[in-house]
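K.L.:
Have a look at this one.
The values are calculated or read from the model by the stated rules, or taken from the named source; none is laboratory data. Just so it is clear, the model here is predicted, and its values are computed rather than measured. Methodologically, a virtual Cβ is constructed for each residue, glycine included, from the backbone with ideal geometry; neighbour enumeration extends over all protein chains shown.
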Amino acid sequence: MTEAKPKLISFAISHYCEKARWALDWYGIDYTEEFWPIGLHVEMARKLGARESNVPILQFADELVQGSQEILDWAYRNRTVPERSLEDRHHNREVREIEDRADGLIGIEVRRLLYAQTLTQYPDIILELLYGNLDKRVRAVGHKLWPRIQTAMIDTLDAAPEAAMDARAKLDKELDWLDDKLAEGGRYLVSDQLTRADLTVASLLGALSSLSRERMFKNVDVPPEIEAEFARLAKRPCMQWVEQIYREFR
């Protein structure tokens, strides 16, 4: 009897889900992916037995692994390519500190900046991105409930249109730090090898790089405000580094 594959539960657009997906791919994990509809995912997570409602979630046999950091840990323990590792025991503390900072600051402000400029201004684009690849019946429910879901997302993510300026300022502060970090001369953020710190930062910032045109916005027109963010950030060393990491390792 063939053993069931791990299943990655994700949103259609999510840089944290991209981090989990990249980790599974990097470690050679053969998995399936199931997209959940934002707004309906809370009840779905409860029924699944997850401790929280957030994704990504990895389901395998009787295991539920929730959160991108936890999935990265799981992927390392279950890797099928033994010579690959994103861990560095000599620099583990710094690697983990950067990962925590990226997850807790950079990723949040990237998400706020994107949604603050799109949730109310371009609902048709967001609806297509969030629900376009889901079952027709689920899409219909998502569209029907959209006013409530939209309001909940704005409140939960602090992503009202006026939040864009604050998110941009906070993100720029983090990007200044990354630019300074990369100016120290290393190819990677911490050591002489690719680590989970690099994968985390690249996956979370990839949503604001030109890569996003093909990855996130490939089936829709990119809103002009987001194109302006791409152009504004493109000259930053850290964003050029993100694209290089993607080209080499993704």
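K.L.:
Looking only at region 202-220, which residues are touching a helix residue (DSSP H, G or I) at 6+ places or on another chain (Cβ under 7 Å) and either within 19 Å of ALA164 (Cβ to Cβ) or of a type in the set (Phe, Trp, Tyr) (or both)?
P.N.:
Residues satisfying the conditions are LEU204, LEU205, ALA207, LEU208, SER209, SER212, MET216.
K.L.:
Sort through ALA202, ALA197, ALA228 and tell me the only one that's surrounded by fewer than 15 Cβ atoms within 10 Å (Cβ to Cβ), at pLDDT 95 or above and not hydroxyl-bearing (Ser, Thr, Tyr). Talk me through it step by step, then tell me what you get.
P.N.:
Details: ALA202 fails: surrounded by fewer than 15 Cβ atoms within 10 Å (Cβ to Cβ); ALA197 fails: surrounded by fewer than 15 Cβ atoms within 10 Å (Cβ to Cβ).
Testing whether each residue is surrounded by fewer than 15 Cβ atoms within 10 Å (Cβ to Cβ), at pLDDT 95 or above and not hydroxyl-bearing (Ser, Thr, Tyr) leaves just ALA228.
K.L.:
Could you identify the single residue in VAL55, VAL65, VAL81 that is on the phi < 0 side of the Ramachandran plot, among the β-branched types (Val, Ile, Thr) and surrounded by fewer than 16 Cβ atoms within 10 Å (Cβ to Cβ)? Write out each step before concluding.
P.N.:
Numbers: VAL55 fails: surrounded by fewer than 16 Cβ atoms within 10 Å (Cβ to Cβ); VAL65 fails: surrounded by fewer than 16 Cβ atoms within 10 Å (Cβ to Cβ).
Within the list VAL55, VAL65, VAL81, the selection yields VAL81.
K.L.:
Additional query: Hey, can you tell me all the residues within region 221-237 that are in contact (Cβ under 8 Å) with a residue 40 or more places away in the chain and either of a type outside the set (A, V, I, L, M) or in a loop (DSSP other than H, G, I, E, B) (or both)?
P.N.:
Step one: filter region 221-237 for residues in contact (Cβ under 8 Å) with a residue 40 or more places away in the chain, giving 221, 223, 225-226, 229, 233, 236-237.
Result: ASP221, PRO223, GLU225, GLU229, ARG236, PRO237.
K.L.:
Give just the number: which of (1) in contact (Cβ under 8 Å) with a residue 40 or more places away in the chain; (2) buried (at least 18 other Cβ atoms within 10 Å of the Cβ) does SER212 not satisfy?
P.N.:
For SER212, the exception is condition (1).
K.L.:
What is the number of the single condition among (1) of a type in the set (D, E, K, R); (2) over 28 Å from PHE35 (Cα atoms); (3) loosely packed, with under 14 Cβ neighbours inside 10 Å that ASP179 does not meet?
P.N.:
Every condition holds for ASP179 apart from (3).
K.L.:
Here are some residues: ILE38, ILE71, ILE29. Which one is part of a loop (DSSP other than H, G, I, E, B), of a type in the set (A, V, I, L, M) and within 30 Å of TRP146 (Cβ to Cβ)? Steps first, answer last, please.
P.N.:
Working: ILE71 fails: part of a loop (DSSP other than H, G, I, E, B); ILE29 fails: within 30 Å of TRP146 (Cβ to Cβ).
Answer to the selection: ILE38.
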